[in-house]
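**Q** I'd like to ask you about the structure that follows.
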Amino acid sequence: MINPFSSEEKLMAFRTKPLIVCLSAGLGLAVALFPPSFFPGEVAGTAGFVLFILSLWATGLLPEYLTALIFFTGAMILALAPPHVVFSGFTSRAFWLVLGGLVLGVGIQVTGLGSRLAARVAGRLNRSYAGLIFGLVFCGVLFAMVMPSSIGRVVLLVPIAMLVAREVGFEKHQNGYMGAVSAVILGTVLPGFAILPANVANMVLAGLSETLHGYSPLYGEYLLLHLPVLGLVKLLALGICIVIFFPDTLKKTGKMTMAEGDKAGTKEKVLGILLILMLSLWATDSLHHISPAWVAMAGACIVLLPGVAIVSGKAFQEKINFGSLFYIAGILGLGQLIGSSGLGTVLAERCISALPLNPAHPFFNFLGLSVLSLFTGVFTTQPGIPALLTPFADQLAQATGFSVKTVLMLQVLGFSQPLFPYQVPPLLIGMQMASIPLSSGFKLCLWLTAISILLLFPLNYLWWRFLGWI
């Protein structure tokens, strides 16, 4: 394995993490005890506590599940929110979708179905490491075109991606393994923001735009506006970043290990039929309105039934990463705390008032609103960005000289690129399922954010001017 970090860099990171956490804790305490003038007293304590928790998750100084437990305990001791807010992650559909996905992932592994699918995928993408990465990113985007639920896509694709990595000779925690799995996770989530029904934030924006401003974006209009840059160019940028930051070479090439004549067993066939049925239900959730979470949990219950026994009780207890469930619940509870406390609204309003908007400078207005949307997501999950900013669209349109439609669609540029993985639950879920360190996801997100600001946002500006939106 090629390690992109030297021992000196690792030692520096080991020394830096505690320093960052201590500085964040000190700053958080200062904000809580001596709140700035723009912070109402009732949210200052929440802001300080949130800063401390985010520093723990961002640095990975402590195990992620332990930081989640610290969040639950600290929020309750400090009485920052009632229990139904702090522990809301456990009642979230995303939590149960993760559990269902973990169970199904074990089933895909133990039946051999994942190995069969992985062998076929890897057999077509095993000519070079770069070809594997770009091929997996492209597969993720294709799934985004046909399957609306981003979490459902991640739950379905991650176990297969893990086995694809194994088929080409990578082991867990090797660069190639993290690169292959990251290609599928980020490939099916980030470019998916350019496809209207592919991510929750897109639909939140569409719903609020219609409710508050009488504008409902059409599928084709949305696709034309965002896919060329936020979809295709970002696909290329993502593949390049993964190849650079997780460099490796394929350990196996040519024909894969599973022979063509190998026949699927009964359990493998049953699981395959079940997954096809679940995929159909996920893809048509707009018709039957059954949450992807409950589809996943129904599938998990079926594979755990004694008469089916695709996943045994022993496998359930030994192979399920229950620590990741606490992590997911903690992240979701933190987002709910930020929203219910009013902290997110306060920060958004302050950012808007601080922007130097001027109708005479359309490019800087474009860039400023895009960056505002991007950094608003640090204080909430991505679906919270349109919830916070859409009500201000009229004021922002007046300040910039843009149309209300343009201001609304500008939000997509920001929420399509998270700075931290926790901002997008599907990214978080996929990384937890595949045991990818949060620091690795943060590194990719950070560099993609820089590429977005320096390259993708200006390209979007030129594209929108060509289309007549500016």
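**Q** What shape does region 93-322 take by its C-alpha gyration tensor, where a ≥ b ≥ c are the square roots of the eigenvalues and a/c under 1.5 counts as rounded, a/b above b/c as prolate, and the rest as oblate?
**A** Judged from the Cα gyration tensor, region 93-322 comes out oblate (a/c at least 1.5, b/c at or above a/b).
**Q** How would region 341-405 be classified by its alpha-carbon gyration tensor: rounded, prolate or oblate, with rounded meaning a/c under 1.5 and the a/b versus b/c comparison settling the rest?
**A** Here region 341-405 falls in the prolate category.
**Q** Restricting to lysines 8 or more places apart or on different chains, can you count the pairs in the chain with Cα atoms under 21 Å from each other?
**A** Number of lysine pairs found: 11.
**Q** How do F90, F363 line up, fewest other C-beta atoms within 10 Å first?
**A** Going from sparsest to densest Cβ surroundings: F363, F90.
**Q** Could you pull the Cα extents of region 261-405 along its three principal axes, largest to smallest, in whole Å?
**A** Principal extents (Cα only, largest first): 68, 31, 31 Å.
**Q** Within the chain, which whole H helices from DSSP have a Cα span along their axis of at least 30 Å and a mean Kyte-Doolittle hydropathy of 0.5 or more, if any?
**A** Sorted by number, the helices that extend far enough and score high enough are 7-33.
**Q** Output the relative contact order of region 93-322, whole-number percent, from Cα pairs under 8 angstrom with separation of 6+ residues.
**A** Rounded, it is 33 percent for region 93-322.
**Q** What order do you get for H213, H361, H289 when you list them from fewest to most C-beta neighbours inside 10 Å?
**A** Listed from fewest to most nearby Cβ atoms, that is H289, H361, H213.
**Q** Under the rule a/c < 1.5 gives rounded, and otherwise a/b versus b/c splits prolate from oblate, where does region 295-336 land using the Cα gyration tensor?
**A** Since a/c reaches 1.5 but b/c is at least a/b, the shape of region 295-336 is classed as oblate.
**Q** How do 226-232, 186-192, 75-81, 204-210 rank on mean C-beta neighbours within 10 Å, highest first?
**A** 186-192, 226-232, 204-210, 75-81
**Q** For region 441-470 and region 295-365, compute the distance between their C-alpha centroids and round to whole Å.
**A** Using only Cα atoms, the two centres lie 24 Å from each other.
**Q** Where the only charges are on Cβ atoms (+1 Lys, Arg; -1 Asp, Glu), what is the dipole of the chain about its Cα centre, to the nearest 20 debye?
**A** Here the size comes out at about 1080 debye.
**Q** Here's something else I'd like to know. For a quick check: sort L136, L33 by the number of other beta carbons within 10 angstrom, fewest at the front.
**A** L33, L136
**Q** Which one, L250, G299, A180, projects farthest toward the positive side of the charge dipole computed for region 93-322 from Cβ point charges (K/R +1, D/E -1)?
**A** Looking along the dipole axis, the top candidate is L250.
**Q** Per the helix-only calculation at 222 nm, which mean residue ellipticity applies to the chain, given -39500 (n - 2.57) for every DSSP H run of n ≥ 4 and division by its residues, nearest 500 deg cm²/dmol?
**A** -22500 deg cm²/dmol
**Q** From the residues V121, L230, G192, which one has its Cα farthest along the dipole of the chain in the positive direction, the dipole being from +1 and -1 charges on Cβ of Lys/Arg and Asp/Glu about the Cα centre?
**A** Highest projection toward the positive end goes to V121.
**Q** Moving on to the next point. How high is the relative contact order of the chain? Use alpha-carbon pairs under 8 Å, at least six apart in sequence, and give a whole percent.
**A** Taking the mean separation of contacting Cα pairs over the length of the chain, I get 22 percent.
No value in this document is a laboratory result; all are computed from the given coordinates. These numbers were taken from a predicted model, which means no experiment stands behind them. Note: ideal-geometry Cβ built from the backbone for every residue, glycine included; neighbour counts use all protein chains shown.
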